[in-house]
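See structure below.
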Amino acid sequence: MSQTTFNLLEHSLLPMAECLTPQAAERIVQLKASEEAQNRIDELAEKCNEGLLSADERAEYEMFVWIGQYISGMQAKARRVLAAA
């Protein structure tokens with residue numbers, strides 16, 4: 001992730017993190033992909049590693065990666081809220 005992308009992600013998460021209750025933070029920490037989504041991510045990751053992604057699959061995979069980074073960032077913010085509670 002580039003520094004610019006990281007900064008955009010960080011700035012977009014801050015306002016949401018500031019209004020998290022401990023209960024909401026706990027739910028965010030528990031978020032994970034559905035089995036169906038995880039299977040698709042795994043399939044696309046394998047094809048990516050083998051250099052076999054089509055343009056549409058690459059776009060889909062990049063979307064999953066971005067969403068994963070966003071959720072991971074929210075979970076990190078949520079863990080800080082819980083640690084401070």
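What follows draws every value from the coordinates through simple rules; no lab data is involved. Keep in mind the model is a prediction, meaning the values are calculated, not measured. Please note: Cβ atoms are built from the backbone with ideal geometry, for glycine as well, and neighbour counts cover all protein chains shown.
Conditions tested, residue by residue: (1) of a type in the set (A, V, I, L, M); (2) surrounded by 12 or more Cβ atoms within 10 Å (Cβ to Cβ); (3) not in a helix (DSSP H, G or I).
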site	(1), (2), (3)
Q23	no, no, no
Q38	no, yes, no
D42	no, no, no
E46	no, no, no
I67	yes, yes, no
M74	yes, yes, no
K77	no, yes, no
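Here P15 meets the list (1) loosely packed, with under 12 Cβ neighbours inside 10 Å; (2) not in a helix (DSSP H, G or I) almost entirely, failing just condition (2).
The set of residues in the range 49-65 being among the aliphatic types (A, V, I, L, M) and either within 20 Å of K32 (Cβ to Cβ) or not in a helix (DSSP H, G or I) (or both) consists of L52, L53, M63, V65. Considering only residues in the range 48-65 that are touching a helix residue (DSSP H, G or I) at 6+ places or on another chain (Cβ under 9 Å) and among the aliphatic types (A, V, I, L, M), the one that is surrounded by the fewest Cβ atoms within 10 Å (Cβ to Cβ) turns out to be L52.
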